[in-house]
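Please read the structure below before turning to the comments.
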Amino acid sequence: MPEQELTRTVRKGEELHEKNLKRFLMGQGLVQDERSELMIRQFYNGYSNLTYLLKVEGKEYVLRRPPFAAPKRGHNMGREFRVLHGLHKVFHKTPETFAYSEDVDIIGAPFYVMSKVNGIILTAREAKERAVSAPEFGTISDTWLDTFVELHKVDYMGAGLETLGRPEGYVERQVTNWGKQYLAAATDTVPSAQKVMAWMEGHQPKAYQYSLIHNDYKYDNVVFADDRWQTISAILDWEMCTLGDPLMDLGTSLGYWTTASDADFVKHGLPSPTVMEGNPSRTDVVQQYALKSGKEIDHLTFYFAYGLFKIAVIAQQIYYRFKHGHTTDPRFAQLNKVSALCCDTAWQAIQKNKIDNLY
């Protein structure tokens, strides 16, 4: 994808200290001459960590740092760097990492630098502009799902990530912690949120498998090598990666997987290329995942409701920062409504005990 489709000039208030950064890059052997021009642009698609494109001496790098006034939980740059650094040894569908720093005097926050992976990131806008056909989406969804299954089979011990998380009690902790985070960031009264939290407390699975999980796996977090759609070059945004129940990972992906049969207000609130013709339904995704992975999938309503609720919490946390003036990104102004929509949809799924045709 052309660079101009992904980046923009750096948003006001989110600039990097160019001189300090160049000095750091020189110290890491990534820049040879302090007189070299460093061009910095900002990737605009993400809603969480801030991501920048660095162009210098004919090379391109990507820098990641936490958002301003981010909540204490998450946004751990050192952890994300460690995950990518270890994973790249055993799972090459990851960017290569080059440097990490906790020195906040450089750009104001911890950060790391990694390779820029060229290819196609399939946002809703990109899919429309490319006029991706139904047969193409058949290939896209298949490749995407194959890579998801591959990810859940990664040798995390070979990557040195066996202490990344605590699989025992993972599901219970997630239900509890996401509930606490929602309440801490709440700005509106959303009755369905309270109902979903109470239901999940009483209906969570007690036995489950575990593996390395990404926790934010969706079309626009992977880089397709080209428009044949048969290869994914890299998976992006590893900030929530851990060891846990892979069906929690699947549930989050299903939460983002809006379809043509969803109500218009759902498709508008959670825009995704998955609404376009040729994409499988959420039920079909589950069936294909079960077939490809060999896993039995019980408690499907729980996993889907959990995925939607987690997305609701993330959206609400970002809106909380916007409401309190910690970010001026205009995309964040309606995220409280997106959060409420996710809670309402999760409650619909719970009441109807299904994951498709909810309205």
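For the range 71-123, a residue qualifies if it is among the hydrophobic types (A, V, I, L, M, F, W, C) and over 27 Å from Gly58 (Cβ atoms), and the qualifying residues are Val83, Leu87, Val90, Phe91, Val104, Ala109, Leu122. Among residues that are in contact (Cβ under 8 Å) with a residue 12 or more places away in the chain, in a helix (DSSP H, G or I) and open to solvent by less than 10 Å² (accessible area, probe 1.4 Å), Lys310 is included. Can you pull out the residues in the range 97-108 that are touching a His at 6+ places or on another chain (Cβ under 9 Å) and either within 13 Å of Val222 (Cα to Cα) or not in a helix (DSSP H, G or I) (or both)? The answer is Thr97, Tyr100, Gly108.
Yes/no matrix, rows are residues, columns are (1) modelled with pLDDT of 90 or more; (2) more than 23 Å from Glu80 (Cβ to Cβ):
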| site | (1), (2) |
| --- | --- |
| Thr9 | yes, yes |
| Glu14 | yes, no |
| Phe24 | yes, no |
| Val31 | yes, no |
| Gln42 | yes, no |
| Gly46 | no, no |
| Asn49 | no, no |
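For the range 257-306, taking the residues that are open to solvent by 50 Å² or more (accessible area, probe 1.4 Å) and closer than 19 Å to Ala127 by Cα, the one that is nearest to the chain's Cα centre (by Cα) is identified as Pro271. Would you confirm, using the coordinates I've provided, whether Thr163 is under 22 Å from the mean Cα position of the chain (by Cα) and either assigned to a helix (DSSP H, G or I) or closer than 28 Å to Phe332 by Cβ (or both)? In short, no.
Once the range 166-180 is narrowed to residues that are touching a Leu at 6+ places or on another chain (Cβ under 8 Å) and part of a loop (DSSP other than H, G, I, E, B), the residue that is farthest from Thr252 (Cα to Cα) is Arg166. When Glu102, Glu96 are checked against the criterion of being over 16 Å from Leu161 (Cα atoms) and touching a Ser or Thr at 6+ places or on another chain (Cβ under 6 Å), a single residue qualifies: Glu96.
Does the range 22-62 hold any residues that are free of Cβ contacts under 8 Å to residues at least 24 places away in the same chain and part of a strand (DSSP E or B), and which are they? Once the filter is applied, which keeps residues that are free of Cβ contacts under 8 Å to residues at least 24 places away in the same chain and part of a strand (DSSP E or B), the range 22-62 yields Met39, Thr51, Lys55.
When residues in the range 205-224 are screened for being open to solvent by 10 Å² or more (accessible area, probe 1.4 Å), hydrophobic (A, V, I, L, M, F, W, C) and touching a strand residue (DSSP E or B) at 6+ places or on another chain (Cβ under 9 Å), 0 of them pass.
Residue-level check: of (1) open to solvent by 40 Å² or more (accessible area, probe 1.4 Å); (2) part of a helix (DSSP H, G or I), Gly138 misses just (1). Only residues that are assigned to a helix (DSSP H, G or I) and surrounded by fewer than 16 Cβ atoms within 10 Å (Cβ to Cβ) were counted in the range 126-135, giving 5. Scanning the range 181-198 for residues that are hydrophobic (A, V, I, L, M, F, W, C), surrounded by 19 or more Cβ atoms within 10 Å (Cβ to Cβ) and not in a loop (DSSP other than H, G, I, E, B) gives Ala185, Ala193, Val196, Met197. If you filter the range 74-125 down to residues that are among the charged types (D, E, K, R) and under 30 Å from Thr274 (Cα atoms), you find that the one that is surrounded by the most Cβ atoms within 10 Å (Cβ to Cβ) is Glu80.
The values are calculated or read from the model by the stated rules, or taken from the named source; none is laboratory data. Note that this is a predicted model, so its numbers are computed, not measured. Using ideal geometry, Cβ is built from the backbone for each residue, glycine included, and neighbour counts are taken over all protein chains shown. Ligands, DNA and RNA are excluded from the accessible area calculation, which covers all protein heavy atoms including side chains. Shrake-Rupley method; radii C 1.70, N 1.55, O 1.52, S 1.80 Å.
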